[in-house]
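These notes are about the structure you will find just below.
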Amino acid sequence: MKALLQKLTETASPSGFEDKIRDLIRSEISAVTSSVKVDTLGNLIVTIGEKTVKGMRVMVAAHMDEIGLMVSHVEKNGLVRFTNIGAIFPRYLSGNRAIFLNGVTGCINNDRPDDLTKIQSIEKYFIDIGATSDKDCPVKIGDVAAIERGFVDLGKRVVSKSLDNRSSCAVLIETIQNIKNTPHELVFVFSAQEEVGVRGAQTAAYDIDADLGLAIDVTPTGDILGVKMQVSLGNGPAIKVRDQGMISDPRVVRWIEETARKNKIPYQMEVLEVGSTDARIMQVSKAGMFTGAVSIPCRYVHSPSEMVDMDDLNNTVKLLSALLSNPILLK
Ligand code: CO
Ligand code: ZN
């Protein structure tokens, strides 16, 4: 799992430019199934099993895109100005490095502010790729970069950029490999463009028209100072009750909770005040679907050094495998 996670997190694929991560995920699951397709928006869709009388069509989504940077203009002196792809927090930028999809790498810094105690807005930041003028600059308007930051193995816990949401991608890949029998038609979606407003999941949900939907994504934790939230790293997958964009179907919440309890898998309940996931759009697609979400606790979300606990990932694989291998009773 760690080796897989390292490969996934060290791949640069911001929203709308998911080619590299999609190819990698496709190669990881090619041994298990050939029922794989890519739709117009670039979602990777993997189908397993057939819907029996005891079964449902279930959509399980994990977004594969990551936040990133897009060139807005190049200064005469060769410094590259950029705008955000998804929720980039300027306070995490300076001193980091960016890698463009064509391999060009640069360091990120900002104009010297009048007030050193204030965090500046994104227009004040730039990427210095070592060009001496706009004439010899190897990137142009519209080019895309991801944050460049290696994977660090701390033992039980690991640190990397894009653990949002490559940790869920790793979990989904292992779940697909794990499931031997199912009464359901399981449609796994590695979705595109989540970070810019759940756009991939929107078209996928419409096309798949499932009976039940689950999104797998990270959620912030409340186990660092100054954060009010009851989710902790290492305490198990979090069953989403509510976030900013969705109220989970209470019947789905009970089903997940009972399955976790029956299989002695640790879990916690999640109430998230800011942020949402693919589940938001799945719930209201077409005539709607029964929807819930399972979250992987993650510290420092949307920073270049996010942290997850490997036990949480392994327990999420166990939970999803149990949920998707048995008949679903909603009550
Ligand atoms: Co995110
Ligand atoms: Zn995410």
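Nothing in this text is a laboratory measurement; each read-out follows from the coordinates by a stated rule. Given the structure is predicted, the values throughout are model-derived calculations rather than measurements. Here Cβ is always computed from backbone atoms with ideal geometry, including for glycine, and neighbour counts include all displayed protein chains.
A simple rule links phi to the HN-Hα coupling: the Karplus curve 6.51 cos²θ - 1.76 cosθ + 1.60 with θ = phi - 60°, which for the range 205-216 gives 4, 5, 5, 6, 6, 7, 7, 9, x, 10, 10, 10 Hz, with x for Gly and Pro. Extending 7 Å from Cα along the Cβ direction at SER305 and again at VAL274 yields two label points whose distance is 2.1 nm.
What is the range 1-73's relative contact order, in percent, from Cα pairs under 8 angstrom and six or more apart in sequence?
On the way: 52 pairs, mean separation 26.0, N = 73.
36 percent.
Label zone (ASP111, point 7 Å along Cα-to-C-beta; backbone nitrogen cut-off 20 Å) within the range 139-175: 141-142.
Give me the net charge of VAL231's neighbourhood, meaning all other residues with Cβ under 13 Å from the Cβ of VAL231; Lys, Arg count +1, Asp, Glu -1. Once positives and negatives cancel, what remains is -3. Sorting 112-120, 244-252 by average packing, meaning the other beta carbons within 10 Å per residue, from highest down gives 244-252, 112-120.
Remark: for residue pairs LYS180/LYS228; LYS286/LYS331; LYS156/LYS180, the C-alpha separation exceeds 30 Å in LYS180/LYS228.
Looking at the range 1-147 alone, DSSP beta bridges between its own residues are antiparallel in about 95 percent of cases. With contacts taken as Cα pairs under 8 Å at a separation of at least 6 residues, the chain carries a relative contact order of 23 percent. Put a dot 7 Å past the Cα of GLN230, heading toward its Cβ, do the same for LYS180, and the two dots end up 3.7 nm apart. DSSP beta bridges confined to the chain are antiparallel in about 60 percent of cases.
Excluding same-chain neighbours fewer than eight residues apart, the lysines reachable from LYS124 by a Cα-Cα span under 20 Å are LYS76, LYS140. What the phi angles of the range 186-197 give under the Karplus curve with 6.51, -1.76 and 1.60, with θ = phi - 60°, is a coupling list of 9, 10, 8, 10, 8, 8, 9, 6, 5, 5, 9, x Hz, glycine and proline written as x. Please identify the GluC sites (Glu not before Pro) of the range 39-139 that satisfy two criteria: DSSP loop assignment and at most 15 other Cβ atoms within 10 Å. Which are they? Of the GluC sites (Glu not before Pro), the ones in loops of the range 39-139 whose Cβ has at most 15 other Cβ atoms within 10 Å are GLU50, GLU75.
Coupling constants for the range 258-275 follow from the phi torsions by the Karplus curve (6.51 cos²θ - 1.76 cosθ + 1.60, θ = phi - 60°), and in residue order they are 5, 5, 4, 5, 4, 9, 6, 9, x, 8, 9, 9, 10, 10, 10, 8, 10, x Hz; glycine and proline get x. Between SER121 and GLU258, full extension at 0.36 nm per residue minus the direct alpha carbon distance yields a gain of 44.8 nm. Full extension of the segment from THR40 to THR83, taken as 0.36 nm per residue of separation minus the current Cα-Cα distance, would add 13.0 nm.
Between the beta carbons of ALA3 and GLU50, assuming R0 = 25 Å, the FRET efficiency works out to 0.20 to the nearest 0.05.
When each of the peptides 53-61, 189-197 is scored by the mean number of other C-beta atoms lying within 10 Å of its residues, the order from highest to lowest reads 189-197, 53-61.
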